Structure formats: structure tokens, C-alpha cells
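Written below as C-alpha cells is the structure these notes are about.
The values are calculated or read from the model by the stated rules, or taken from the named source; none is laboratory data. Just so we're clear, the structure is a prediction, and the values are computed from it rather than from any experiment. Virtual Cβ from ideal backbone geometry, glycine too; neighbours counted across all protein chains shown.
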Amino acid sequence: MTADHNPSTATHAEPAPSERKRYARVLIIAGSDSGGGAGIQADLKTCSALGCYGMTAITAITVQNTLGVSGIHGIPVDILRGQIDAVVEDIGADAIKIGMLATPEVVHVVADAIRRHRLRNVVLDPVMVATSGDRLIAPETASVLVRELFPLATVVTPNLDEAALLLGHGIEGIDALEGAVRQLLDLGAPAVLLKGGHLPGERVVDLLGHGAGQRLRLESARIATHNGHGTGCTLSSAIAAHLALGLSLEDAVSQARTYILGAIQAGADVFTGAGHGPLNHGYAPRAQVVLGG
């Protein structure tokens, strides 16, 4: 006698991991901004706005608002390592955004995790100085950051102040961007996006350099605003999000820059706090993108 087929107990083969539907995933390794304009908070807002699933490994907690940073508490390195491992081993990641790494020990943990898990599409934003001018890392961390993480990154995204700290000299004028990019590439980064927003003038010029002399110059009109807090975090997260969505580096940078210009413009005349306010990260949100299947 043949047993009756019971649809309620029928089993279906699970799809292979490569065939399963999933969200575009971005792991953010960075510090927390209690004011919500930069750091982990800005990163998550950016990833969500661009249709990606954001995850976090928090490196430090800052006491911060629009007026500045008044305290930093580093997360123990074993907890940081555990956060990264827990996320990557279960959910996985299509791109990584790295922000504030305050000490050499933290840099070592992050570099080790990238190697162990063979993480790709790594966007390194060498956060060293807040918009308010507050220094966010220990002086000895910069050299460790260059040695350990520059070679593992897909792109490094310093602003002019950060580039000056890395290179040991200032960058005066748009004509100096090319030389600075070349020097940063010589430090071991496969690609560098040098952000020229701190230079005076009505135009803002950023320069992407990689490969054998390949350069992409991105230029736009300066937007008048008092709300510039978190622009670096937002741009690097937007690049990571677009890499997670499958774009090339050049397209990811271009699309990320388009997004951040819109976010700056949309929040240009809004008042949040008494100092440097945030961008409008959610000015044009996208539905969460599903990949695979």
C-alpha cells in the first residue's frame, strides 16, 4: 500500500547559497555619534536611503553633538572582534565601510578580520578630525592605519585635513590635489578619493586616483550651508553601498557624490542644534534592493 501524499509535510530543497534571495549588505565598522549626524548613525541612514541592509561593528562611543566632541569611550577589542565575526559568519557582507579607529589595537583587529574573512569592497574613511576640529584618534594610530589597512582597502577617502596628517604637509590649492593623490597611492592604497571640499572657492573638486595614472576629476558648485557634519562618513558609506549593489569603483564614487550633493542641498537651510548640523540623508529614499534568486 502506498502512503497518501500529504502536502503539509512535503519538503522542498533549499536553494544553494548563491541562488538565495538576499539584500545588498554593508558592514559598517565605525564609531557612534550621539548627535546622529555622523559616524554609525549617518552610515546606517545612508545605507538605508540607498536600498542596502546596514550592519554595524561599533569601535567607539563618542559624547558628541553639533558643537563638538567632549568624550570618547573605546569599545574593548574582543567585543569589536566579536561583532565583526558574528555579523560576517551569519549574514555576510557585500561591502565594508571603515570609519573611526581610535587606537592601533583597533586597527589590528579590523585588519585581521578583513584577512580572515576575505572581505571585499572595503571603503576606508581615515576619520581623524571631526568637523568641529576635534582630533578623534591617537597620534600613533595613523602610521599603523597606513601600514595595516591601506593595502587591504578598495579605496581610501581622506579629506584635506586627514591627507595632511597622513602626508605630513598641507595641500594648498586644487593644483596640489594630483601630487597628494600620487603620494597617498605610494603609501599602499590601491585607490584614493581625495576630497577637496575644504579648499576655498565657488567650486568643489574631488579627485579619484588609481591604477596606472588613472584619474577621475569630479567637480560641482559649492552649496551654501551651515550643515556639513557627517559629509565624509556619508560619502564613504554611499560608495560602499553602491559597491555592494555591484557598481564599478568609478560609478560607485560618481553615484555616491550625486547622492551626497542632494543630501546637502535638501538639508541646507534646516537648523538642528546650535553648531554644524546634519545632512538630509532621507531626501530620496529607495526601496531595499534584493539580489540573487
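Just the residues that are among the hydroxyl-bearing types (Ser, Thr, Tyr) and either surrounded by fewer than 17 Cβ atoms within 10 Å (Cβ to Cβ) or over 24 Å from residue 174 (Cβ atoms) (or both), please, taken from segment 226-253.
Across segment 226-253, the qualifying residues are 237, 248.
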Inset, instruction - Using the structure shown, decide if residue 96 is among the β-branched types (Val, Ile, Thr) and assigned to a strand (DSSP E or B). - result: yes
Inset, instruction - For residue 247, state whether it is in a strand (DSSP E or B) and not β-branched (Val, Ile, Thr). - result: no
Legend entry - The listed residue being at pLDDT 95 or above and part of a helix (DSSP H, G or I), out of 149, 208: 149
Inset, instruction - Would you check if there is a residue in segment 169-177 being surrounded by fewer than 17 Cβ atoms within 10 Å (Cβ to Cβ) and either closer than 30 Å to residue 85 by Cβ or in contact with a His (Cβ under 6 Å, 6 or more places away or on another chain) (or both)? - result: no
Legend entry - Matching residues, segment 223-242, being farther than 12 Å from residue 261 by Cα, in a helix (DSSP H, G or I) and out of contact with any strand residue (DSSP E or B) (no Cβ under 8 Å at 6 or more places or on another chain): 242
Legend entry - Options 72, 61, 96: the member that is in contact with a Ser or Thr (Cβ under 8 Å, 6 or more places away or on another chain), at pLDDT 95 or above and under 25 Å from residue 129 (Cβ atoms): 61
Inset, instruction - Would you check if there is a residue in segment 279-286 being buried (at least 23 other Cβ atoms within 10 Å of the Cβ), at pLDDT 95 or above and of a type outside the set (Gly, Ala, Ser)? - result: yes
Inset, instruction - Could you tell me whether residue 181 is within 23 Å of residue 258 (Cβ to Cβ), in contact with a Leu (Cβ under 6 Å, 6 or more places away or on another chain), at pLDDT 95 or above and not in a strand (DSSP E or B)? - result: yes
Legend entry - Matching residues in segment 129-144 - criterion: being of a type in the set (Ser, Thr, Tyr) and at pLDDT 75 or above: 141, 143
Inset, instruction - Identify, by number, the condition in (1) surrounded by 15 or more Cβ atoms within 10 Å (Cβ to Cβ); (2) more than 12 Å from the chain's Cα centre (by Cα); (3) touching a residue at least 60 places away in the same chain (Cβ under 8 Å) that residue 264 doesn't meet. - result: (3)
